[in-house]
Amino acid sequence: MNTKSGFTPEEQAAMKERARELKAEERARKNKAEGENGVLAKISEMSEPDRSMALRIHALVKANAPELSPKTWYGMPAYAKEGKVICFFQAAQKFNTRYATLGFSDAAALDEGAMWPTAFALKELTSAEEAQIAALIKKAVGGK
């Protein structure tokens, strides 16, 4: 940990990347294709198996929630509705973790009782996980 700022180098890099993204977001709001190009560029930088999982999740989001706009968010592929991130993919390599993460923000309509999951660890994607992810994405944007 960097005692001067209180943030790790990875956290500092993510914050700097987010500042660049805020500028790009304004352009992407005007052009959905630019947001998708940014997401695909980030995915292409990933190593396997993160890259393959991120590409599958990208395809699942496009197929199940075409109203979401792809964008990068803290250096991660993310998908937004009306400017608010609904879900994102965090590669394992992002913070040197042992699994990738599919996360949902508080803007996602996943509320179920007093407690519900908002992030899922991913080691691989089979058709069973893809079906679960498709259902979560549909629910997150307000579908049942």
### Task
Collect residues whose amide H, placed 1.01 Å from N in the peptide plane, falls under 5 Å from the amide H of PHE7; neighbours closer than 5 in sequence don't count.
ASN2
### Task
Would you compute, from DSSP H runs of 4+ residues alone, the mean residue ellipticity of the chain at 222 nm, taking -39500 (n - 2.57) per run and dividing by the full residue count, rounded to the nearest 500?
-15000 deg cm²/dmol
### Query
For the pair SER47 and THR118, what calculated FRET efficiency results from E = 1/(1 + (r/R0)^6), where r is the Cβ-Cβ distance and R0 = 35 Å, to the nearest 0.05?
0.85
### Task
For a footprinting-style exposure proxy, rank LEU22, LEU40, LEU68 by other Cβ within 10 Å, fewest first.
LEU22, LEU40, LEU68
### Query
Which order do ARG20, ARG98, ARG56 fall in if you start with the one that has the fewest other Cβ atoms within 10 Å?
ARG98, ARG20, ARG56
### Task
List every residue whose amide H lies under 5 Å from the amide H of ALA80, counting only residues 5 or more places away in sequence or on a different chain, with H placed 1.01 Å from N in the peptide plane.
SER69, LYS71, ILE86
### Query
Considering amide H positions built from the backbone, and no H for Pro or chain starts, which residues 5 or more places from LEU122, or on another chain, come under 5 Å of its amide H?
ALA100, THR101, LEU102
### Theoretical FRET efficiency, 1/(1+(r/R0)^6), r = Cβ-Cβ of LYS23 and ARG56, R0 35 Å, to 0.05
0.75
### Task
Please report ILE133, ILE86 as a ranked list, fewest other C-beta atoms within 10 angstrom at the top and most at the bottom.
ILE133, ILE86
### Message
Expected output is a single nm value to one decimal: the length gained when fully extending between TYR74 and THR8, i.e. 0.36 nm times separation in residues minus the C-alpha distance. What is it?
### Response
22.3 nm
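FYI, it's all coordinate maths here, none of it is from the lab. Computed from a predicted structure; not experimentally measured. Backbone-built Cβ (ideal geometry, glycine too); neighbour counts: all protein chains shown.
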